[in-house]
Amino acid sequence: MVRETIYAALFARLQAAYAWNTASRRLLHWGDVAPAQQPAMFLTQVSEQPQTVSHQPTKWKLNVKVWLYANAETDAGQTASSVLNPLLDAIQAAVAPNFSGLETQTLGGLVEWVRVEGNIETDEGLLGDQAVAVIPLTILVPT
């Protein structure tokens, strides 16, 4: 397993999924990302878990989070959640299967699969223009 190759491939795929004004693997707080720099996408590494079965090679689960920031300040009349929802759709599409009928996204064969696993946390900006979503992704890597 070459971790950096996997994380770089995932980031490139997510970066190509939407016309982000900001995309980085270095997380910034939404207060440090001006409305003009949004929509923004950040990818962070969270944890790794070995998956061991006797007499079989170890597989690794790599857990990452995708942070999305959307600001409705420049879109008069729109709610922040209306600006955020297409970003969520773009991330979901980016980790969709490679081909119809195939049930996994393999990042070009680097991994067994990558997919959304867990609850997507959202703050839709009920009291203002700023919306935030955090999407947990899990990657299964054979060794």
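The values are calculated or read from the model by the stated rules, or taken from the named source; none is laboratory data. Computed from a predicted model, the values in this text were never measured in an experiment. Don't worry about glycine lacking a Cβ; one is built from the backbone with ideal geometry, like all the others, and counts go over all protein chains shown.
Checked against (1) modelled with pLDDT under 95; (2) within 18 Å of ALA19 (Cα to Cα), ALA76 passes all but condition (2). Among all residue pairs at least 6 apart or on different chains, which show Cβ distances below 6 Å where the first residue, located in region 78-105, is closer than 16 Å to GLU124 by Cβ and the second is modelled with pLDDT of 80 or more and among the acidic types (Asp, Glu)? Close Cβ pairs (under 6 Å, with a partner that is modelled with pLDDT of 80 or more and among the acidic types (Asp, Glu)) amount to ALA80/ASP129.
What do you reckon, is LEU62 out of contact with any helix residue (DSSP H, G or I) (no Cβ under 6 Å at 6 or more places or on another chain), surrounded by 13 or more Cβ atoms within 10 Å (Cβ to Cβ), farther than 19 Å from ILE120 by Cβ and of a type outside the set (D, E, K, R)?
Values: out of contact with any helix residue (DSSP H, G or I) (no Cβ under 6 Å at 6 or more places or on another chain): yes; surrounded by 13 or more Cβ atoms within 10 Å (Cβ to Cβ): yes; farther than 19 Å from ILE120 by Cβ: no; of a type outside the set (D, E, K, R): yes.
Criteria not met by LEU62.
None of LEU137, LEU107, LEU28, LEU43 is surrounded by 18 or more Cβ atoms within 10 Å (Cβ to Cβ), assigned to a loop (DSSP other than H, G, I, E, B), under 16 Å from the mean Cα position of the chain (by Cα) and among the aliphatic types (A, V, I, L, M) except LEU107. Pairing each residue of region 8-29 that is farther than 19 Å from VAL132 by Cβ with any residue that is part of a helix (DSSP H, G or I), provided the two are 6+ apart or on different chains, yields C-beta distances under 7 Å for ARG13/ALA94.
Can we say ARG13 is charged (D, E, K, R) and surrounded by 12 or more Cβ atoms within 10 Å (Cβ to Cβ)?
Details: charged (D, E, K, R): yes; surrounded by 12 or more Cβ atoms within 10 Å (Cβ to Cβ): yes.
In short, yes.
Taking the conditions (1) closer than 25 Å to GLU124 by Cα; (2) out of contact with any Asp or Glu (no Cβ under 8 Å at 6 or more places or on another chain) in turn, ALA72 satisfies each one other than (2). The set of residues in region 81-116 that are touching a strand residue (DSSP E or B) at 6+ places or on another chain (Cβ under 7 Å) and at pLDDT below 80 contains only ASN98. Checked against (1) touching a strand residue (DSSP E or B) at 6+ places or on another chain (Cβ under 7 Å); (2) under 25 Å from THR122 (Cβ atoms); (3) of a type outside the set (Lys, Arg), ALA34 passes all but condition (1).
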